[in-house]
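Worksheet: the structure to be examined is printed underneath.
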Amino acid sequence: MKYLTYIFRNARRNPVRTGLTVASTAICLFLMMILLSFFSMNEEASQNSKVYNRVIVMNANGFAGMIPIARVRQIAGMEGVAAASPFSWYGGKYQNERALFAQFACNADSIFNVLDEFKLAPDQLAAFVASKDGAVIGPKLARDYNLKVGDSLPLQGDIYPVDLKLVIKGIYDSPSNTDQRMCLFHYEYLDDLLKTSGTAGGLSNPNGTTAGSGNAGMVFVKCKSADATTAVCKRVDEEYKSTEFPTRTQTEEAFGQMFSEMMGDLKDTIYWIGGAVVISLLFVAGNAMAMSMRERTTEVAVLKAIGFSKSKVLFLVLAEAVLVAGLGGAIGTLGCKGLCDAVDVSRFMGGFLPFYYVPWNTALIGLGVSLFVGLVSGLAPAVIASNTSVVDGLRKVV
Amino acid sequence: MIPFKYNVRNLRVRWKTTLMTVLGTALLVASSCILFGLVEGLEHSLKISGDPLDLIVLRKGATAETTGGFESKKADELLTLGGILHDAEGPIAAKELLNIAIAERNRSDDQRPSFNNLIIRGVQPASRKLRPNFKIIAGRDIEAGKGECIVSPGIARLYKGGQVGGQLVFGEKEKYRVVGVFTAGGSAAESEVWADLKDVERNTGREASVSCVQIRAAGPAEFDALRKEIDEGAQFRLAAIPEAEYFRKQSESSLFLKGAGTLIAVLLTFGAMFAAANTMFSAVKSRTREIGTMRALGFSRGDVLFSFLGESILLSLLGGLLGLLATIPMSLISIETSNFATFASVTINFRFGPWVMAVALIMTLVMGLFGGMLPALRAVKLEVISALREL
């Protein structure tokens, strides 16, 4: 610790160089945070969803498959199940454009029991339940389009051949790492429109019923306890195994991971790019450190002449490298975290991501990486410095 | 002018520093190029459309084939319209039915099974003529009604049972035996599984509907007439969209990737710029006496400025070139991810085209120019006498 002042002085000796090294480290780490958070926050969000004990039922064949609506009631009555609601993707257009928010048809009575971290004022909930064309939207969606309770929200069908004329009855509140741009509305409203429209749209199996109606889409199920989730998944799939529409039931966590898996090779590509950035940082920081040590050859020799041991010189140089890289890393990672916390970045992502933030553990990983970069980049210059003989060092003219 | 050779020699003399800087910037340039290569690959696959006379017919209001279904009866009528190009086998028009279903990936390295959604396209014989350069490159084409399918090379490689002779399984009822591998000039079809329309209809229970009808008009006049008739005719009320326009709309989904790629490239450029500046600052510092000498010999301030800027640009060009070279093997690789508009798998071939070149060039020029500017200005500002006196 007593050498701290000396290390600081050394780092400040060539402020331009140190500044540039800090800046390039900071920028690279900033970028790395953006790339890594992309995956880690989704992972964190889906892991956090564990506490809600939810399972999600979909057709074994995928999103486009069908689950007859009658099953929602059957599933709700199963052992271990607290509540169930259809959760049917409408995917309509808003203001003639592809809408940049999710729209789901659900059961108004049970949806806020299923999604129990989503809070809605009791009077708004009552109003929503009471009106057939009512809708509840997220706070960010309300802000984006300047919508408030009582406004109408017309949606045009894209997947479905029917348009919705929704009226906003409430604005929910939910934790920041959930989708705050959803629009929820009555399943019955959509289904009735489909019954009278008579066309199938882009849907699978109309199943003899009036075209397109009767499909629950996905079913969100709230289980009574954490222990029940696995059993419920099994029970649901067993029940419908040999029917015309077998199901694939998984916990919400696994469901979230499925989306992450859908990134496929893109994920690997981004990790590779992250790796390339770290390696290039090693070159850049190592180069800067080597340059500053070359300038200080005489000085290092003097240090050794007055009795500094090899290992002490090694330590001094390494400490300086770690300090500079760590400073850059701290600026980059914490700056990125601060920026993403302060500014709602997801707004500029064109609906691609419902939320965006840098999780703490990702920021810590970034800091760790910068310290590692400092250590490794300082290694070669430090070893050279500690090994130069006093005589050679003093003789050298830089 | 200070001879350029002087700068080249300088880079060679301090080869360790040069190498480090070049490697560092090369990796950053390569990273950006890889990202842009992906964006370009995605855009390319969406832009390739068969023929300017091709039309895609969807339900009015639908924006994509995957969501735009309508009744099969109407589709049959469409096929009989006048103005459609004919050849020996009949009209060049096809009903197609798309289904998106989960398939398991081939992953030996991972214990956990991994899944993605694939587009299964039920096609008619004419569908092949409507795609650019449709070719069977392994095995054979499908025979109708036998539950067979053909796949793109990417899917053959990545999915369980995707190889010729294997079986792709999508749930209990939807299974197709793979009999061949096809390419279609790098178009979006290369992310799909193709099966016979009848088989897909039966397996998905959607005999009564189609997703889209693809039509090639006989000529420009017929193209307009067909469009008008389908769009406005009382019996259809469908949307006939020129294929080029349809794919241009679809490629809007790559805008996000493009934006993200640009942001990343800009950040990396700054990172590399600082690295170049660092190197050049130290070059100027260690050559203070040389600069003084050159000025004393009669080289002007401008000469010195250009010399150092040139050296900086040369340094970053070397990095850019190396970075660009490093991306060449990438053009042989295709990656698989999902199109988050349809939630279905897309196979993207990395493309090493003008965009990627432009990015590399711009990055290196910006790096060299701005990274070298401050050090060069410092060199210019040196007083001749004090510079000569410098140790």
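The numbers here are math on the coordinates, done by the rules we state, and not lab data. Note that the structure is predicted; figures quoted are calculated from it, not measured. Ideal geometry is used to build each Cβ from the backbone, glycine not excepted, and the neighbour counts take in all protein chains shown.
Taking Cα atoms, how many degrees apart are the long axis of helix A:252-262 and the longest axis of chain A, rounded to 10 and kept between 0 and 90?
Approximately 70 degrees, to the nearest 10.
Can you work out ³J(HN,Hα) from phi for every residue in the range A:178-193, in order, using Karplus 6.51 cos²θ - 1.76 cosθ + 1.60 and θ = phi - 60°, giving whole Hz and x for Gly and Pro?
Result, ordered by residue: 10, 6, 9, 10, 7, 10, 10, 9, 6, 4, 4, 4, 5, 5, 5, 4 Hz.
Give the shape of the range A:32-166 as rounded, prolate or oblate, defined through the alpha-carbon gyration tensor: a ≥ b ≥ c are the square roots of its eigenvalues, a/c under 1.5 means rounded, and otherwise the shape is prolate if a/b is larger than b/c and oblate if not.
Taking the square roots of the gyration eigenvalues as a ≥ b ≥ c, the range A:32-166 is rounded.
Using a basic spin-label model with each label point 7 Å from the Cα along Cα→Cβ, how many nm lie between residue A:74 and residue B:266?
With each label placed 7 Å out from Cα toward Cβ, I get 5.4 nm.
Hey, can you grab everything whose amide H is under 5 Å from the amide H of residue B:115? Only 5+ residues off in sequence or another chain; H modelled, so Pro and N-termini drop out.
Residues meeting the criterion, in which the H sits 1.01 Å from N, are B:105.
Name the long-range amide H neighbours of residue A:81: under 5 Å, sequence gap of 5 or more, or other chain; modelled H, no Pro or chain starts.
Long-range HN contacts for residue A:81: A:224.
Subtracting the Cα-Cα distance from 0.36 nm times the residue separation, let me have the gained length for residue A:48 to residue A:151 in nm, one decimal. Before the final figure, lay out the partial values.
On the way: separation 103, 0.36 × 103 = 37.08 nm, distance 3.31 nm.
Answer, rounded to one decimal: 33.8 nm.
I'd like to know which of B:239, B:260, B:217 lies farthest towards the positive end of the charge dipole of the range B:198-357, counting +1 on Cβ of Lys and Arg and -1 on Cβ of Asp and Glu.
Towards the positive end, the residue furthest out is B:260.
What translational diffusion coefficient, to the nearest whole µm²/s, does the protein assembly as shown have by Stokes-Einstein, given a Kirkwood radius computed over alpha-carbon pairs, a temperature of 10 °C and 1.306 mPa s viscosity?
Stokes-Einstein gives a translational diffusion coefficient of 53 µm²/s.
What FRET efficiency comes out for the pair residue B:377/residue B:332, r = Cβ-Cβ distance, R0 = 45 Å, nearest 0.05?
It comes to 0.55.
Of the beta bridges DSSP finds with both residues in chain B, what % are antiparallel, to the nearest 5?
Of the beta bridges lying entirely in chain B, close to 85 percent run antiparallel.
Where does helix A:4-13 land angle-wise versus the long Cα axis of chain A, in degrees 0 to 90, nearest 10?
The two axes meet at around 90 degrees.
Residue B:338's amide H: which non-local residues (gap 5+, or another chain) put their own amide H closer than 5 Å, with H modeled 1.01 Å from N in plane and none for Pro or chain starts?
Correct list: B:346.
Under unit Cβ charges (Lys, Arg +1; Asp, Glu -1), what dipole magnitude, rounded to 20 debye, does the range B:154-289 have relative to its Cα centre?
In total the dipole reaches around 1100 debye.
Contact order normalised by length for chain B, with contacts defined as Cα pairs under 8 Å and 6 or more residues apart; what percent is it?
Values: 769 pairs, mean separation 108.2, N = 391.
Value for chain B: 28 percent.
Let me confirm one metric for peptide A:72-83, namely the mean number of other chain beta-carbon atoms within 10 Å of its residues' beta-carbons. Write out the running numbers ahead of the final one.
Numbers: counts 0, 0, 0, 0, 0, 0, 0, 0, 0, 0, 0, 0.
Averaged over the peptide's residues, the number is 0.
Give me a comma-separated list of calculated 3J(HN,Hα) values for the range A:340-347, in order, Karplus coefficients 6.51, -1.76, 1.60 applied at θ = phi - 60°, integers in Hz, x for any Gly or Pro.
Coupling constants for the range A:340-347: 5, 6, 7, 10, 7, 4, 4, 4 Hz.
Of B:103, B:44, B:33, which is farthest on the positive side of the dipole of the range B:1-121, counting Cα position, with +1 on Lys and Arg Cβ, -1 on Asp and Glu Cβ, and the Cα centre as origin?
B:33
Please give the FRET efficiency for residue B:60 paired with residue A:348, using the beta carbon to beta carbon distance and R0 = 35 Å, rounded to the nearest 0.05.
So, using R0 = 35 Å, E works out to roughly 0.65.
Looking only at other chains, what is the average number of their beta-carbon atoms within 10 angstrom of each beta-carbon in B:58-68?
Rounded to a whole number, the mean comes out at 6.
Would you work out the charge dipole size for the protein assembly as shown about its Cα centre, treating the Cβ of every Lys and Arg as +1 and the Cβ of every Asp and Glu as -1, and quote it to the nearest 20 debye?
3960 debye
Per residue of the range B:379-388, in order, report the coupling 6.51 cos²θ - 1.76 cosθ + 1.60 (Karplus, θ = phi - 60°) as ³J(HN,Hα) in whole Hz, putting x for Gly and Pro.
4, 5, 6, 4, 7, 4, 5, 5, 5, 5
Can you give the three extents of the C-alpha atoms in chain B along their principal axes, from longest to shortest, in whole Å?
93, 54, 33 Å, listed from the longest principal axis down.
Quick check on the range B:6-82: what are the equivalent-ellipsoid semi-axes from the Cα gyration tensor, as sqrt(5λ), descending, whole Å?
So the three semi-axes of the range B:6-82 are 57, 13, 7 Å.
Just to confirm my numbers, what's the Cα centroid distance between the range B:181-235 and the range A:147-162 in Å?
Comparing the Cα centres of the range B:181-235 and the range A:147-162, I get a distance of 29 Å.
Top mean-square fluctuation among B:319, B:69, B:145, Gaussian network model of chain B, C-alpha springs under 10 Å?
The residue that fluctuates most here is B:145.
In whole percent, what relative contact order does chain A give with Cα contacts below 8 Å and a gap of six or more residues?
Value for chain A: 26 percent.
Among DSSP bridges having both ends in the range B:135-210, what percentage is antiparallel? Round to the nearest 5.
In the range B:135-210, approximately 75 percent of DSSP beta bridges are antiparallel ones.
What's the whole-number percent of alpha carbon pairs in chain A lying beyond 40 angstrom?
37 percent
Could you run the Debye sum over the Cα atoms of the range B:175-323, one equal point scatterer each and no solvent, and tell me log10 of I(q)/I(0) at q = 0.14, 0.16, 0.20 Å⁻¹, two decimals?
For the range B:175-323 at q = 0.14, 0.16, 0.20 Å⁻¹, log10 I(q)/I(0) is -0.95, -1.10, -1.30.
If you place +1 on the Cβ of every Lys and Arg, -1 on the Cβ of every Asp and Glu, and leave all else neutral, what size is the dipole of chain B about its Cα centre, to the nearest 20 Debye?
Here chain B has a charge dipole of around 2000 debye.
Taking R0 as 25 Å, what FRET efficiency do you get between residue A:380 and residue B:4 from their Cβ-Cβ distance, rounded to the nearest 0.05?
0.20
Count, for each residue of A:19-28, the Cβ atoms from other chains sitting within 10 Å of its Cβ, then give me the mean as a whole number.
Average neighbour count from other chains, rounded to a whole number: 6.
Which one of A:160, A:21, B:349 is farthest out on the positive end of the charge dipole of the protein assembly as shown, using unit charges on Cβ (Lys, Arg +1; Asp, Glu -1) and the Cα centre as origin?
After comparing all options, I get A:21.
As a test of the formula, what do you get for the protein assembly as shown when each DSSP H run with n ≥ 4 contributes -39,500 (n - 2.57) and the sum is divided by the residue count, at 222 nm and rounded to the nearest 500 deg cm²/dmol?
-16500 deg cm²/dmol
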